[in-house]
Structure formats: structure tokens, C-alpha cells
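Notes for the one structure printed next.
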Amino acid sequence: MVFEAGLACSPMDERKNLLIKHFGLRGVAIFEAGKGIIALVAGIWLLTLRHKDMGHIAERLLGLLHIAPHRHFSERVVGAAEKLNAHAIWIIFAGILVYVTVRWVEAVGLWLEKEWAEWFALLSGCLYLPWELYAISRHATALKWGIFLVNILIVLYMGWLLLDSHKRKKKQQQAAI
């Protein structure tokens with residue numbers, strides 16, 4: 001039996017906690033860093049397009065996604081793309097860099113098993129849920145459901161970790177008294 005901060009823990013509990021917390025947090029950290037990398041690649045790609053005909057590029061992307069060109073959504077996307085200029089693209093890129101920084105800071109915090117990062121992951125994950133549900137209610141696809149389920153799993157996992165951490169701290173405080 002090993003004593004951890006005044007609490008008796010069996011070796012099995014310690015191994016289970018290591019697997020669940022250490023590898024779970026690392027997995028979420030890699031996922032968050034991956035989202036940052038995808039956003040950065042998309043931002044760099046957007047920068048390469050700053051002197052191109054954005055309306056034409058939007059039409060080609062919509063075609064690749066098999067979205068009908070004469071639908072209201074398509075016309076709005078193409079119209080918005082045609083209004084983009086180099087200055088607007090730089091502003092969008094700056095926003096992408098902020099997003100990338102936030103994702104990477106969160107990923108590093110989770111990798112280092114920092115509690116603030118667990119709170120941040122829980123709260124940021126919860127912020128996405130209403131938007132994801134709205135997207136599913138408008139037009140459910142396997143991709144939207146997959147994104148929603150992964151986000152729910154991360155939110156539940158972070159909530160469970162934080163609740164477990166709170167219970168451990170409370171037991172430690174009671175044992176110290």
C-alpha cells in the first residue's frame with residue numbers, strides 16, 4: 001500500500017489513475033494541438049490566396065464540396081469571398097493566429113497536466129456544444145455527429161477529472177485536520 005499525500009492508495013488505483021489521467025490528458029492535448037495545426041495550415045493557405053480572385057476560388061471549393069452553385073448559401077459565400085481584399089485576409093489570418101495560440105497554450109497546459117488547462121478545456125468545449133447542436137439540428141451528417149460526440153467525450157472527461165481532483169483535495173484537507 002502506498003500513501004499519496006496522506007491518502008492510502010493501492011498500486012492498482014495508482015496505475016489506473018496514471019492511465020486515465022496521464023494518457024487521457026496527453027490524448028486531448030494532441031487533439032487540441034492538431035486543431036491548432038489544421039487552423040495554421042488553413043491560415044497560411046489563405047494568405048497564399050490574398051492576390052487571387054476569391055470569388056472564383058469560393059466557387060471551386062463549393063464545387064469540390066458538391067454544394068450546388070445557385071443555392072442561397074452558395075451565392076452568399078461567393079458574394080462574401082468577392083468582397084475580400086488583401087487587408088481583410090491579413091485580419092482573418094491574425095484571428096487564426098490568436099485561435100492557434102489559444103489551442104497550443106491549452107495543449108501544452110494539458111500535456112503538463114495543469115488544472116487551469118483542464119478548466120479551460122472544459123469551458124471551451126462547453127462553448128462549442130450549442131453551435132454543434134444547432135448545426136446538427138439544421139442538417140445532421142455523420143461528420144457533425146462525430147465532432148459533437150468527440151466534444152461531449154472531452155467535456156465529460158474533463159468534468160470527471162476536475163470532480164475527482166476536487167474530491168481528492170477535500171479528502172486531503174479533512175485528513176490534515
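Bear in mind that the values in this text are calculations on the coordinates, not laboratory data. Because the structure is a prediction, the values reported are computed rather than measured. Virtual Cβ from ideal backbone geometry, glycine too; neighbours counted across all protein chains shown.
Computed about its Cα centre, the charge dipole of the chain is approximately 120 debye, with only Lys, Arg, Asp and Glu carrying charge at their Cβ. The residues neighbouring F120, those whose beta-carbon lies less than 15 Å from its own, together hold a net charge of -2 under the Lys/Arg +1, Asp/Glu -1 convention. Computed over the stretch 24-113, the convex hull of the alpha-carbon atoms projects to a mean area of 6.7 nm². Centre-to-centre, using Cα atoms only, the stretch 118-144 and the stretch 29-84 are separated by 21 Å. What percent do you get for the relative contact order of the stretch 114-171 when only Cα pairs under 8 Å and 6+ apart count? Answer for the stretch 114-171 is 49 percent.
Between L40, L133, L97, the Gaussian network model of the chain with springs among Cα atoms under 10 angstrom shows the greatest mean-square fluctuation at L133.
May I ask for the angle, rounded to the nearest 10°, between helix 54-64 and the longest principal axis of the chain, with both axes built from Cα atoms and the value confined to 0 to 90°? Tilt of helix 54-64: around 70 degrees. With a cut-off of 13 Å between beta carbons, the residues surrounding R138 carry a summed charge of 0, where Lys and Arg count +1 and Asp and Glu -1.
Take the Cα pairs of the chain, get the Kirkwood Rh, then feed it into Stokes-Einstein at 4 °C and 1.567 mPa s and tell me D in µm²/s. The estimated diffusion coefficient comes to 66 µm²/s. Note on the chain: with a GNM built from Cα contacts shorter than 10 Å, the maximum mean-square fluctuation among A42, A142, A117 falls on A142. Model label sites at T141 and H70, defined 7 Å from Cα along the beta-carbon direction, differ in position by 2.3 nm. Modelled this way, with points 7 Å down the Cα-to-C-beta line, the labels at W116 and L162 are 1.5 nm from one another. For the chain, the mean residue ellipticity at 222 nm estimated from helices alone is -27000 deg cm²/dmol, where every DSSP H run of n ≥ 4 contributes -39500 (n - 2.57) and the total is divided by all residues, rounded to the nearest 500. Pairs from the table (K114/K171; K83/K144; K35/K171) lying more than 31 angstrom apart at Cα are K35/K171. The share of C-alpha pairs in the stretch 114-171 whose separation exceeds 15 Å stands at 53 percent. Once you've got the GNM for the chain with C-alpha springs shorter than 10 Å, pick whichever of W111, W131, W90 has the biggest mean-square fluctuation. The residue with the greatest mean-square fluctuation here is W131. The C-alpha atoms of the chain define a longest principal axis, and helix 24-48 lies at about 20 degrees to it.
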